[in-house]
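Participant: One structure follows; several queries about it will come next.
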Amino acid sequence: LSGRITVLGDSMPEQHARVLRRVGYVPEQPHLDATLTVRELIDFQAAFYAQWDRARAEELVQRFDLDGERLFGRLSKGQKAKVMILLALAQRGDLLVLDEPTDGLDPVVRRDILSALLTYVSEQGATIFISSHLVHELERVCDWVAVMDDGRLITAAPMEKLKHGTKRLVVMDAPAEVTDPPFRLLTREAANGGGSSGENWVVGDWEPGMTSYFESVGASVREVIDLDLEDGFVELLRSFRERGARR
């Protein structure tokens, strides 16, 4: 294998020190010293970053309702997650990498964290890279989405395109084989009720004018059904795995 890696335009590993200053990271599992207080953790982290934003750190302590004198090890799971997010945001990175930042948290804590992230993006103009299986949350905060399965990239697209371009079609009189459709055919199976009910097709990259394709092959679309983002993800994964099993 050969190639090159750049992060925010900087080459890796040649400019790794500069990259590390510009990237904030929140792992899935908290890794901070349980014997330090919230305030001590903030001061400790601040010592590593010249651009540390003390005003933002203090604002987030108040916004997240954190007790600065409480030991990290005695915080609840939600409070620990808030501290981790606080430290990443106060670093003032241009890129934040968050691994399952709201997994297992109650709805109020999730809302507080996502709100803080959106505020940061708006004010800082930063990019946030989120790894998560909570699809409904991604739909609210992300403008670009990638779907992966076992380390393999299935698709990457703007959120709106993926959300509005994945449909379930009820198709009548379709030929057994179709060639060069203008959309991605993800799955195709008989509808409930047998042949008279047609077939259910799940397609990607769909646009309304594509119904004319079916007319060109002697078929028709009886119904176009919207899928929510989670259903679209499931169909993408199912199609990807079925094709892999046939190889």
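Participant: Please go through the range 1-45 and give me each residue that is in contact with a helix residue (DSSP H, G or I) (Cβ under 7 Å, 6 or more places away or on another chain) and of a type in the set (Gly, Ala, Ser), ordered by number.
Facilitator: Once the filter is applied, which keeps residues that are in contact with a helix residue (DSSP H, G or I) (Cβ under 7 Å, 6 or more places away or on another chain) and of a type in the set (Gly, Ala, Ser), the range 1-45 yields Gly24, Ala34.
Participant: Quick one: Gly104 ticks every box in (1) more than 21 Å from His31 (Cβ to Cβ); (2) surrounded by fewer than 14 Cβ atoms within 10 Å (Cβ to Cβ) except a single one, so which number is it?
Facilitator: Answer for Gly104: the failing condition is (1).
Participant: Then there's this: Among Arg188, Arg152, which is the only one that is touching a Phe, Trp or Tyr at 6+ places or on another chain (Cβ under 9 Å), at pLDDT below 95 and farther than 30 Å from Met84 by Cα?
Facilitator: Values: Arg152 fails: farther than 30 Å from Met84 by Cα.
Within the list Arg188, Arg152, the selection yields Arg188.
Participant: For the range 71-112, give me each residue that is among the basic types (Lys, Arg) and assigned to a loop (DSSP other than H, G, I, E, B).
Facilitator: So in the range 71-112, the residues among the basic types (Lys, Arg) come out as 74, 77, 80, 82, 92, 110-111.
Across the range 71-112, the qualifying residue is only Arg92.
Participant: Since Ile130 meets every condition but one in (1) in contact (Cβ under 8 Å) with a residue 40 or more places away in the chain; (2) buried (at least 19 other Cβ atoms within 10 Å of the Cβ), which condition does it not meet?
Facilitator: Condition not satisfied by Ile130: (1).
Results for (1) under 30 Å from Arg110 (Cβ atoms); (2) at pLDDT below 90; (3) within 26 Å of the chain's Cα centre (by Cα); (4) aromatic (Phe, Trp, Tyr), shown as yes or no for each residue.
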| residue | (1), (2), (3), (4) |
| --- | --- |
| Met159 | yes, no, yes, no |
| Val171 | no, no, no, no |
| Ala174 | no, no, no, no |
| Phe183 | no, no, yes, yes |
| Asn200 | no, no, no, no |
| Phe214 | no, no, no, yes |
| Ala219 | no, no, no, no |
| Asp228 | yes, yes, yes, no |
| Phe233 | yes, yes, yes, yes |
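Participant: If you check Phe183, Phe214, which single one turns out to be under 29 Å from Ala156 (Cα atoms), in contact with a helix residue (DSSP H, G or I) (Cβ under 9 Å, 6 or more places away or on another chain) and in the same structural domain as Arg241 (by TED's automatic domain parsing)?
Facilitator: Details: Phe214 fails: in contact with a helix residue (DSSP H, G or I) (Cβ under 9 Å, 6 or more places away or on another chain).
Selected residue: Phe183, the only one of Phe183, Phe214 that is under 29 Å from Ala156 (Cα atoms), in contact with a helix residue (DSSP H, G or I) (Cβ under 9 Å, 6 or more places away or on another chain) and in the same structural domain as Arg241 (by TED's automatic domain parsing).
Participant: Take residues that are farther than 27 Å from His136 by Cα and touching a residue at least 40 places away in the same chain (Cβ under 8 Å) and tell me which of the strands (runs of 3 or more DSSP E) falling wholly in the range 169-247 contain 1 or more.
Facilitator: On the way: elements: 184-190, 199-204, 220-226.
Correct list: 220-226.
The values are calculated or read from the model by the stated rules, or taken from the named source; none is laboratory data. A quick note: this is a predicted structure, and the numbers were derived from the prediction, not measured. FYI the Cβ positions are ideal-geometry reconstructions off the backbone, even for glycines, and counts take in every protein chain you see.
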